[in-house]
Each structure stands twice: as structure tokens, then as C-alpha cells.
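All of the numbers you see were taken from the coordinates with simple rules; none came from a lab. As the structure is a prediction and not an experimental result, all values here were calculated from the model. Positions of Cβ are generated from backbone atoms using ideal geometry, with glycine treated the same way; all protein chains shown enter the neighbour counts.
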Ligand code: SF4
């Protein structure tokens, strides 16, 4: 596996205000009826988009041509809650988004994103709101997410971001695809398995 | 030193600390279903890896199965493709698949426990967020994404960040008509839908001690709805009695040895928790969600919140939810007309849930404008219910009696809401579009409340039904 180091992502952004945006909204369940992830991006926010666009065409940020080339997504709190479906970050990543900046993320969504190399960083609520305002006012605003410096810059403004150190290290050193790491030193895994009483069939009785 | 179950199970399964600070944890049981696994098997093949512990992996089919006419090939071509892929993947890897002909098929979180696969002290992973259900047995059970399914298939391990533990202590006696579902909805309402992020929830106290395994599963199931990826109850006599004699549980002397180990992994008295929350069970009333996340709920005899009742920062979310639901702040929830009643899902489709619902509908009839269905959690639940005649009680009352699966919990099969229908549902998520119609509306409640709503045609207070139905005492 080639190792990809991720340090800094820059580009234009797409604002998506609102708390508790769940993965059923990000990718409704009927689009999970497939054995592959291909083409998922076409159905990103399908229901939300249909409703917003019925009221006013192009009013959902993901239907708005001004954000077509965005590579950064700005969200509020508890983004990606609900179902563990990896289809949600897959669809986002396949749409060309490479980083998500928000107040907070659900843990499963965050973990799934790391495994895909989709960077999620958190900021203060005021920062998320400020970024959403700036990008809404001027979609051409260039945003740069720097996970090494732990800063996000937008135009001429700079804000702090946070990311758990394990995820940060994984992006920086390219170990975000964890499988290889887990297969290293496999004898240690087998040793743990043989120590577990339920794996060895409680043959040795209780060992605590 | 006194420690928690989480810490003990974590330590017992730790392979090593990874350079990035995460822990590599051995996974004792990996449960697989058709929706989140095909891409993982493909990734494995692309890298030339094999499944490391096929004997610690079990698969079933639940999300996409039709609940009527389950003959193969399915009429639904995409569902047929997904099941065919699962069959091929399991065959190639040597993984046991509990398929539609097995008599053991069902929702993955219902069959794991009923087969005795789920045991105290295990680490359990499944590509499904409601894996927290298995915590009811004192297992540490995680929902994972598809890339992690690949990781577990390839290595039987996960790389995980440490979790804090919040003890949720529930004491007192539940009033008649109040169920485990109401306890967990109360917890989510109080602590918020993201209050549990970073935590494992340990449920305990005199109320939890008295609950059956079915009821503990209902509570652990919805931990994730409160943001907690893991929820558990310490194993006790109730747990051991439940497991004894189950097909995959240890038997004979090995069972006794297992019980000794299971006892040893329970949290010690005096264990230190990162947070403790106390709840009085006696004060909980039947609860109904009115909004678009499981934290937006009221007691059945309360009114919906108004904008003025909540902090300014919460007003946009409140208004969005009320607008989506077509409800008005200040209105009572009682009397809300429903179109569909769904008894099902991994939260509330076990035998005891069906019994409670049947108790309410026996001798009554579903309101003429309501479409009502019961979808048992597994083939074994369906068979047991049929032996007791519950299916007849339901069908005579005008319910559809279906075969096992996830069904209208997430509507990946043909069972779904249409248009703006309102559904009284015993499931776990009321997200926009969750039950298959983008504008469909879900009211979460206990199975008994769903049954009562089906009969009345609107949300009613199950406590006002005749006393004879309410022998349940928690
Ligand atoms: S019943 Fe619902 S929540 Fe449970 S596993 Fe199936 S879809 Fe998921």
C-alpha cells in the first residue's frame, strides 16, 4: 500500500449549517442498496436537497453550483450522528470533499472518516459560524486546513482547530489506513486470543 | 485496585499500544450483515488478505430482507444481489451464515444474544451502530464502519481511542405502563443526543438490576442515540440464567467456569467513574418523541415545547423539528393522529415486547385508518410467539404478522412510509426520512404505547387502558 501523508488541505468551501445532521440525511438508506460505494456521491443529501430545491432551486448548498468545486465542508455540532454507515463519509469524499471543519462529530463518523483519509477537525462554535458566514458571503474564499499547525485560515483570518492527537499523527505519518498496522506483529494478537478464557473454551477454568 | 468492567475487558483484549496512542484491541466476536460488509470483503480481496478468524465471525441477513414472500430469488433485484454477495463472501471465507432457511435468521442484535453468541466479557464488533445492544450482557460492543469491518476481517482487531465511563444509576420502581424504552428515552432527553460522545455508559442501580435481559437490551441498544458508542450492564444472575442452555453458550462444567470468569469482569464496588448520573425510575412516565432526533421527546401527558421554553441557541433546532413534523409548540402530544403502527426493530421486537403489545390489542381492533404491522426480531422470536398464539391475537386485531427483519425501522425493503404519514414506532430513530419517505414522520415509543396508538388511531396514554393489561412491574 502506498502511504499518503496528509498535512494541509486548501480550496474553496461549502457551508452546511445545522446541528445533529445524521447519516440518514447525508445518505438515505435506500441508496445503501448496493454492493459497492460507487456513484454514492450523486445521492448525497438526496432528500434534503429535493425538499430545499422544490422550494427554491439550488437552495441546498450541495445543489448550488457556486460550491461545485469545494473541497472543504463547514458544519456545526454533532455532525454524522446516527447510523454507522460508512456510506456517509464515502459519499462526501467521493464528492471531492477532503476536509470537514465543524464544532463536533459523532465518534463513529469521525473514525470512519479517518479510515478514508477524510480529515475532520473541530473548532469553537463561533469559528464554525464565522466560516459559514464568510463562505456564504463569498464562495470564492480560500480556506486552508493545516493539521500540523492546528490552524484554519479563511481569507486573511486565522482560527484554531483541534484534532485528537492519534488522528493527527495518523494523517501526518500516513498510517490512517490502519489495517497494515493491525497485521504487524501478529504473534501478539494470537497471544491475546489464547489468553482469553472464552476463546480457549473455558478449558482452563477461571483465570481472571 | 477497584476497576470498571470497561477497564477490565479493555485490558484483557489489549494487544498493544499503537504508536499514535490508540489501543489495538482483539475482537472476540464479529457480527456481519449484508449492508456494511460487501465493500469490506472487496477491499480485502483487492489487498490479497484472508479472513483471519472465520470461526469468530457470524453473519446473517436482516436489513434488506422482505418480510412477505421471502422466497428466493427475491422480487427485489438489488436485495437479491446483496444477499447473493453475502452468501458468496461467507462461503469463500468459511464464515457461518445464518440465512433464511436456518431458522435462526433475524436482526443481528436479536440473534447474537438469543443464540448465546453474545457473552459477558467479550469484545464485540459489527458494522452497525446498534451493536451497543450486546452490552446488556456485560460485553464491550462497538458499532463500526465498513473500513473497520475490513480491519476486523483481516486482523480480528480494531484501533481504538480510550473511552471514559459514565455510570447511570437508575433506582426506584417503574410505574405500570412505563417500560425500559421510557427509561432510555428519558436518559437521552436528559443528557442529550451527543451527551455520551467519548463515553461508555454503564447502566446500573436497583431498577436496572430488576430488569430482564430483553429490557436491558432495549436500554443498551439506544446508547448510541445518546452519543455513547458503548453501553453496558454488569453481568449478574439474570444474565447467567438467560445464557444457560443457549446453543453457543458454554455447557456443563465449562458453564460454571465461565460464570466464575463472568463474575470477575463486573465492575468492582468502589470503582471510579468519570461521571455519575442518577435517575429516579418512579418519576418516569410513558414517553413519546415529537421531533427529528431521539432526544426530542415529552411524556405522553405533556405538551410540545415552545420556542420560548428553550434556550435561544436551541430555537432553530426546535423550529426545524416542529416545522418538519407539522406540529405546533404548546400542543399536547396526546391525540396526535397516526397512520401507521410499527412494532419491530432491534430495540423492541423480542418476545417480551410482542407479549406486552399483544396484551394491549387482545380483544380490540386496529383503528380503521391505521395500517399496523408486527415484525418479529428473529425467526426464533416469531416461532416462540406463534407457539403462544400471539400472531393470532395480532392478526385478529387487524395487524399484519410478518417475517423477521429490520423492515420499517429503516425501510431498506418494501416496508416504508408514504408521503407525510405519521408512524407510531417501537424502533430507535426518528430522523427525517428514516422510515422510507423523505417527508414521513416517526413517533418513537414503547411497544405497548404503539399497540395502544394502533387501536385508538392516535397517541394515547397506555396507563389509561384497562388495568388488566398492565401487570408489568419493571
Ligand atoms: S432494526 Fe433498525 S436499528 Fe436495528 S439493526 Fe436493523 S435497521 Fe439497524
Quiz item: What's the angle, to the nearest 10 degrees (0 to 90), between helix A:46-55's Cα axis and the longest principal axis of chain A?
Solution: 10
Quiz item: By the gyration tensor of its Cα atoms, with a ≥ b ≥ c the square roots of the eigenvalues, what is the shape of the stretch B:359-474: rounded for a/c under 1.5, prolate for a/b over b/c, or oblate?
Solution: oblate
Quiz item: What is the mean number of Cβ atoms from other protein chains located within 10 Å of the Cβ atom of each residue in peptide A:33-43, rounded to a whole number?
Solution: 4
Practice problem: Can you bin the protein assembly as shown into rounded, prolate or oblate? Criterion: square roots of the alpha carbon gyration tensor eigenvalues sorted a ≥ b ≥ c, rounded for a/c under 1.5, prolate for a/b above b/c, oblate for the rest. | Solution: rounded
Quiz item: For the stretch B:175-321, what mean projected area does the convex hull of the alpha carbons give, in nm²?
Solution: 10.8
Exercise. Calculate how many DSSP beta bridges within chain A are antiparallel, expressed in % of all such bridges and rounded to the nearest 5.
Key: 50
Quiz item: When the distances between all Cα atoms of chain B are binned every 10 Å from zero, what whole-number percent does each bin get?
Solution: 4, 21, 31, 27, 14, 3, 0
Exercise. Let me have the 222 nm mean residue ellipticity of chain A computed from DSSP H runs of 4+ only, each contributing -39500 (n - 2.57), with the sum over all residues rounded to the nearest 500.
Key: -9000 deg cm²/dmol
Quiz prompt | Where N is the number of residues in the stretch A:43-124, Cα Rg divided by 2.2 N^0.38 Å | solution = 1.09
Exercise. Only bridges with both residues in chain B count here: give the DSSP antiparallel percent, nearest 5.
Key: 25
Quiz item: Based on the inverse mean of 1/r over its pairs of different Cα atoms, what is the Kirkwood hydrodynamic radius of the stretch B:252-349, in Å?
Solution: 17.8
Practice problem: Could you give log10 I(q)/I(0) at q = 0.14, 0.17, 0.26, 0.29 Å⁻¹ for the stretch B:226-285, computed by the Debye formula over C-alpha point scatterers of equal weight, without solvent? | Solution: -0.62, -0.81, -1.14, -1.26
Exercise. Sort B:268-274, A:30-36, B:141-147 for me by packing, meaning the mean count of neighbouring Cβ atoms within 10 Å per residue, highest on top.
Key: B:141-147, A:30-36, B:268-274
Self-check item: Efficiency of FRET from Cβ geometry, residue A:165 and residue A:3, R₀ 30 Å, rounded to 0.05
Solution: 0.95
Quiz item: Given a cut-off of under 8 Å on Cα pairs at least six residues apart, what relative contact order in percent is computed for chain B?
Solution: 18
Self-check item: Nitroxide proxy distance, nm - points 7 Å out along Cα→Cβ at residue A:148 and residue A:38
Solution: 3.7
Quiz item: Any idea what the relative contact order of the stretch B:337-430 is, in percent, if you count C-alpha pairs under 8 Å spaced at least 6 apart?
Solution: 43
Quiz item: How far is the Cα center of the stretch B:79-158 from the Cα center of the stretch A:1-73, in Å?
Solution: 29
Quiz item: Where Rh is the Kirkwood radius over the Cα pairs of the stretch A:59-101, the temperature 4 °C and the viscosity 1.567 mPa s, what D in µm²/s does Stokes-Einstein return?
Solution: 114
Practice problem: Work out the FRET efficiency for residue B:414 and residue B:72 from their Cβ-Cβ distance, taking R0 = 22 Å, and round it to the nearest 0.05. | Solution: 0.90
Quiz prompt | Crossing angle, helix A:186-195 versus chain A [Cα axis fit, 0-90 degrees, rounded to tens] | solution = 60
Exercise. Report the normalised scattering of the stretch A:1-152 as log10 I(q)/I(0) at q = 0.08, 0.13 Å⁻¹, calculated by the Debye formula with identical scatterers on the alpha carbons.
Key: -0.20, -0.55
Exercise. Provide a whole-number value for the mean count of partner chain Cβ atoms within 10 Å of the Cβ atoms in peptide A:173-181.
Key: 6
Quiz item: Which peptide among A:62-70, A:136-144, A:114-122 comes first, and what is the full order, when sorted by highest mean count of other Cβ atoms within 10 Å?
Solution: A:114-122, A:62-70, A:136-144
Practice problem: Report, in whole Å, the centroid distance computed from the Cα atoms of the stretch B:251-316 and the stretch B:373-398. | Solution: 29
Exercise. Mind checking the full-extension length gain between residue B:277 and residue B:11? Use 0.36 nm per residue of separation minus the Cα-Cα distance, one decimal, nm.
Key: 93.2 nm
Quiz prompt | Top of A:195, A:93, A:85 by mean-square fluctuation, Gaussian network on chain A, Cα under 10 Å | solution = A:195
Exercise. For residue B:400 and residue B:383, compute 0.36 nm times the residue count separating them, minus their Cα-Cα distance, and round to one decimal in nm.
Key: 4.6 nm
Exercise. Report the label-to-label distance for residue A:54 and residue B:161 in nanometres (one decimal), using points 7 Å from each Cα along the Cα→Cβ vector.
Key: 3.8
Quiz item: In the stretch B:7-128, what percentage of the DSSP-assigned beta bridges are antiparallel, given to the nearest 5?
Solution: 25
Self-check item: Simple label model, 7 Å out from Cα along Cβ direction - residue A:69 to residue B:173, nm
Solution: 7.1
Quiz item: Once every DSSP H run of n ≥ 4 in chain B is given -39500 (n - 2.57) and the sum is divided by its residues, what mean residue ellipticity at 222 nm do you get, rounded to the nearest 500 deg cm²/dmol?
Solution: -9000 deg cm²/dmol
Quiz prompt | Global geometry of the stretch B:189-258, whether rounded, prolate or oblate, following the gyration tensor of its Cα atoms and the 1.5 cut on a/c | solution = prolate
